[in-house]
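The values are calculated or read from the model by the stated rules, or taken from the named source; none is laboratory data. No experiment lies behind these values; they were computed from the predicted model shown. FYI the Cβ positions are ideal-geometry reconstructions off the backbone, even for glycines, and counts take in every protein chain you see.
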Amino acid sequence: MIKILFICHGNICRSPMAEYILKDMVRKRGLEDCFVIESAATSYEEIGNPVHRGTRNKLRACGIPVGDHRAVRMERTDYDKYDYLIGMEQRNISNMYRILGMRPEEDTEHKVRRLLDFGSRPRDIADPWYTGNFDLTYEDILEGCEAFLKYVLKKN
């Protein structure tokens, strides 16, 4: 079982988008029993709130099912619970290490990663809460999820 936690600032836009995109990808490959895929926030700002309507609308337009997700905050214990802790931008990564109570060099299992670092063009994924561009966010997350899944399947 491969356990993945996607993380962004509020857990209502990018990280649930990544969660549902990857769930859809593994379902289409018949691999859903091999994965646990969830998402969380680094902040407390949106805890308990549903997926942002922009994310929900974009995923539905692309034929990707969206569940009844409610924002939760990442916890220190998630390091032991998950195989991969995937942030959307460098700021998320810094906040993730703070929550985990560790420095990057202490991540000896290399669990904390940025999603687009798995692709051919490493970069941050812009937050559509601020940009309003859910289409671009979707394209970036899709690119990252495809590269990440390829990496994971090759590794395992």
Completion exercise
The residue that is modelled with the highest pLDDT, considering only those in segment 114-156 that are of a type in the set (A, V, I, L, M) and surrounded by fewer than 14 Cβ atoms within 10 Å (Cβ to Cβ), is 136
Exercise for the section: Report yes if residue 64 is more than 17 Å from residue 112 (Cβ to Cβ), β-branched (Val, Ile, Thr), in contact (Cβ under 8 Å) with a residue 24 or more places away in the chain and surrounded by fewer than 21 Cβ atoms within 10 Å (Cβ to Cβ), otherwise no. Expected result: yes
Practice task
Could you list all residues from segment 1-22 that are buried (at least 22 other Cβ atoms within 10 Å of the Cβ) and either basic (Lys, Arg) or modelled with pLDDT under 95 (or both)?
Solution key: 14
Exercise for the section: Name the one entry in 91, 27, 73, 14 that is without any contact (Cβ under 8 Å) to a residue 40 or more places away in the chain and among the charged types (D, E, K, R). Expected result: 27
Completion exercise
Those residues of segment 68-87 which are under 15 Å from the mean Cα position of the chain (by Cα), surrounded by fewer than 19 Cβ atoms within 10 Å (Cβ to Cβ) and under 20 Å from residue 24 (Cβ atoms) amount to 70, 83
